[in-house]
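A.B. asks: Please see the structure below; I have some questions.
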Amino acid sequence: MAFGGTIKLQGEKEYRDALRKITDNLKLVGTELAKVSSQYGKNESSVGSLTSKNEVLTQKLDEQKRALDLTRDMLEKAKSEYDKSVQSVSELKDELSKAEAALDSARDSTDTTADEIATLEENVKEIKDKLAAAETETGNYETTVKKWTSEVNRAETAVNNTTREINDNKAAIDKLNGATDDAADNVDDLADSMDDAADKTDDLSDNLGDLKGATEKAGDGFTVFKGVLTDLVSNGINFVMDGLGIDNYGEIYEMLLTSGVNEARAKEIMKQVQAGTADYTFIEIMACPGGCINGGGQPYVRECFLPNEDLDIMDTYKEKRAAALYSEDERQTLRQSHNNPQIKALYDEFLGEPNSHLSHKLLHTAYAARVGFNDVE
């Protein structure tokens with residue numbers, strides 16, 4: 001049966017029914033992929049997300065392969081019918097050639113009657129009609145073959161795209177797992193050091209209490225801490241001490257902290273460091289006056305911003321701001337970043353371990369020298 005230049009093949013209805021079911025299954029798979037994406041959100045590139053996606057994509061690939069197999073079967077049927085039609089045209093052409101030769105011979109013969117010639121002419125006409133119909137059918141089968149070839153190409157493209165997506169996800173998973181394995185190898189010593197440091201936490205807290213008792217005030221906003229650093233023996237502290245050339249942890253050391261690098265006292269201290277007369281083991285200078293409570297992330301307080309009746313706040317706003325920040329912190333359910341579920345998920349599903357190669361690459365930064373001691377007037 002011909003329609004629209006193509007021929008409906010035997011079994012095509014069954015094919016369309018089967019393809020309809022496959023399409024329904026692919027729609028369901030599409031909703032499963034959307035579900036996976038919604039579950040992982042911004043973590044869609046994590047190992048867990050990529051693994052879940054590949055499980056669903058494998059289902060999608062199975063359905064696409066079924067559709068491809070069915071389409072290939074229909075193409076083979078179309079090719080087979082086309083070959084039969086071509087063979088029929090060839091046979092009819094041979095038959096027509098013989099019939100026309102017989103007619104010509106009869107016409108040349110004086111013994112052939114008019115009725116015999118009429119019969120031969122009718123036979124030639126019938127063969128020509130059959131040949132014309134066969135040639136039309138062959139053309140339609142050729143169009144049908146092209147149609148099914150296009151459908152096979154589309155089905156193969158869908159299979160190839162899904163296969164590539166699965167393989168890309170597998171490669172990404174292997175890369176993430178490889179980064180995690182490398183990180184695990186690199187942080188073994190660090191993990192041991194962290195365990196030792198955790199065992200020393202209580203002792204460290206006691207020592208800090210002693211340090212607080214040994215604190216004395218220095219001039220112009222500086223605080224000089226004196227304390228015994230006997231038990232600060234975790235590897236992290238050791239590295240700092242070793243870097244400073246300190247090998248006697250039982251001695252008393254002085255620690256100096258201040259804020260506001262533009263204050264005259266800060267400049268004076270830097271000059272003392274440059275001259276080698278600053279008798280401090282540790283020095284920390286915070287750039288913002290008042291430290292973080294008055295840093296760039298906080299609203300600026302200026303007299304020009306305030307009505308006259310509120311100008312007295314200029315003397316106390318740092319203390320009030322610090323009290324507000326501490327009060328807000330105390331009300332939080334989560335007060336430690338390493339206990340944040342989102343941070344845990346980030347490391348579990350993407351970064352691997354703390355201090356891994358990947359986390360170091362993405363989270364760490366570097367600093368460049370700016371104004372040096374020699375530039376301070």
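A.B. asks: Within the stretch 38-59, track down each residue that is in a helix (DSSP H, G or I) and without any contact (Cβ under 8 Å) to a residue 12 or more places away in the chain.
C.D. replies: Matches in the stretch 38-59: SER38, GLY41, LYS42, GLU55.
A.B. asks: Turning to a different aspect of this structure: Please tell me if GLU126 is out of contact with any Phe, Trp or Tyr (no Cβ under 9 Å at 6 or more places or on another chain), closer than 30 Å to THR23 by Cβ, surrounded by fewer than 14 Cβ atoms within 10 Å (Cβ to Cβ) and free of Cβ contacts under 8 Å to residues at least 12 places away in the same chain.
C.D. replies: Numbers: out of contact with any Phe, Trp or Tyr (no Cβ under 9 Å at 6 or more places or on another chain): yes; closer than 30 Å to THR23 by Cβ: no; surrounded by fewer than 14 Cβ atoms within 10 Å (Cβ to Cβ): yes; free of Cβ contacts under 8 Å to residues at least 12 places away in the same chain: yes.
Here the answer is no, as GLU126 does not meet what is asked.
A.B. asks: Consider SER52 carefully, then state whether it is of a type in the set (Ser, Thr, Tyr) and surrounded by 19 or more Cβ atoms within 10 Å (Cβ to Cβ). Quick ask: steps written out before the conclusion?
C.D. replies: On the way: of a type in the set (Ser, Thr, Tyr): yes; surrounded by 19 or more Cβ atoms within 10 Å (Cβ to Cβ): yes.
It is true that SER52 is of a type in the set (Ser, Thr, Tyr) and surrounded by 19 or more Cβ atoms within 10 Å (Cβ to Cβ).
A.B. asks: How many residues, within the stretch 245-286, are within 49 Å of the chain's Cα centre (by Cα), surrounded by fewer than 14 Cβ atoms within 10 Å (Cβ to Cβ), under 28 Å from LYS320 (Cβ atoms) and at pLDDT 70 or above?
C.D. replies: 1
A.B. asks: List every residue pair whose Cβ atoms sit under 6 Å apart, with the two residues 6 or more apart in sequence or on different chains, where the first one lies in the stretch 67-78 and is without any contact (Cβ under 8 Å) to a residue 60 or more places away in the chain and the second, anywhere, is assigned to a helix (DSSP H, G or I).
C.D. replies: LEU70/TYR15; LEU70/ALA18
A.B. asks: Still on this structure, I have one more. Across the stretch 111-123, which residue is farthest from GLU44 (Cα to Cα) among those that are surrounded by fewer than 16 Cβ atoms within 10 Å (Cβ to Cβ) and not hydroxyl-bearing (Ser, Thr, Tyr)? I'd like the intermediate steps shown before the answer.
C.D. replies: Filtering the stretch 111-123 for residues surrounded by fewer than 16 Cβ atoms within 10 Å (Cβ to Cβ) gives 111-119, 121-122.
Next, from what is left, pick out any that are not hydroxyl-bearing (Ser, Thr, Tyr): 111, 114-118, 121-122.
Details: ASP111: 93, ALA114: 88, ASP115: 87, GLU116: 85, ILE117: 84, ALA118: 82, GLU121: 78, GLU122: 76 Å.
Among residues in the stretch 111-123 that are surrounded by fewer than 16 Cβ atoms within 10 Å (Cβ to Cβ) and not hydroxyl-bearing (Ser, Thr, Tyr), the one farthest from GLU44 (Cα to Cα) is ASP111.
A.B. asks: Just checking, how many residues over the stretch 289-337 are modelled with pLDDT under 75 and part of a loop (DSSP other than H, G, I, E, B)?
C.D. replies: So the answer is 12.
A.B. asks: Let me ask another. Go through ASP73, ASP62, ASP83 for me and flag whichever is part of a helix (DSSP H, G or I) and either touching a Leu at 6+ places or on another chain (Cβ under 6 Å) or farther than 24 Å from ASN161 by Cβ (or both).
C.D. replies: Answer to the check: ASP83.
A.B. asks: Also: Could you figure out which of (1) more than 30 Å from ALA171 (Cα to Cα); (2) open to solvent by 20 Å² or more (accessible area, probe 1.4 Å); (3) free of Cβ contacts under 8 Å to residues at least 60 places away in the same chain isn't true of TYR15?
C.D. replies: Evaluating TYR15 over (1) more than 30 Å from ALA171 (Cα to Cα); (2) open to solvent by 20 Å² or more (accessible area, probe 1.4 Å); (3) free of Cβ contacts under 8 Å to residues at least 60 places away in the same chain leaves (2) as the failure.
A.B. asks: State yes or no: is GLU156 open to solvent by 80 Å² or more (accessible area, probe 1.4 Å) and at negative phi?
C.D. replies: Working: open to solvent by 80 Å² or more (accessible area, probe 1.4 Å): no; at negative phi: yes.
It is false that GLU156 is open to solvent by 80 Å² or more (accessible area, probe 1.4 Å) and at negative phi.
A.B. asks: Let me ask another. So which residues in the stretch 341-377 are open to solvent by 100 Å² or more (accessible area, probe 1.4 Å), closer than 30 Å to ALA264 by Cβ and either part of a loop (DSSP other than H, G, I, E, B) or modelled with pLDDT of 85 or more (or both), if there are any at all?
C.D. replies: TYR367, ARG370, VAL371, GLU377
A.B. asks: Next up: Only residues in the stretch 334-348 that are without any contact (Cβ under 8 Å) to a residue 60 or more places away in the chain count as the first member; pair them with residues that are among the polar types (S, T, N, Q) and surrounded by 10 or more Cβ atoms within 10 Å (Cβ to Cβ), Cβ under 7 angstrom, at least 6 apart or cross-chain, and list the lot.
C.D. replies: As it stands, the answer is LEU334/ASN340, since those pairs meet every condition given.
The values are calculated or read from the model by the stated rules, or taken from the named source; none is laboratory data. Because the structure is a prediction, the values reported are computed rather than measured. With ideal geometry, Cβ positions are generated from the backbone for all residues, glycine too; neighbour counts draw on all protein chains shown. In case anyone asks, the SASA skips ligands and DNA or RNA and just uses the protein heavy atoms, side chains included. Shrake-Rupley method; radii C 1.70, N 1.55, O 1.52, S 1.80 Å.
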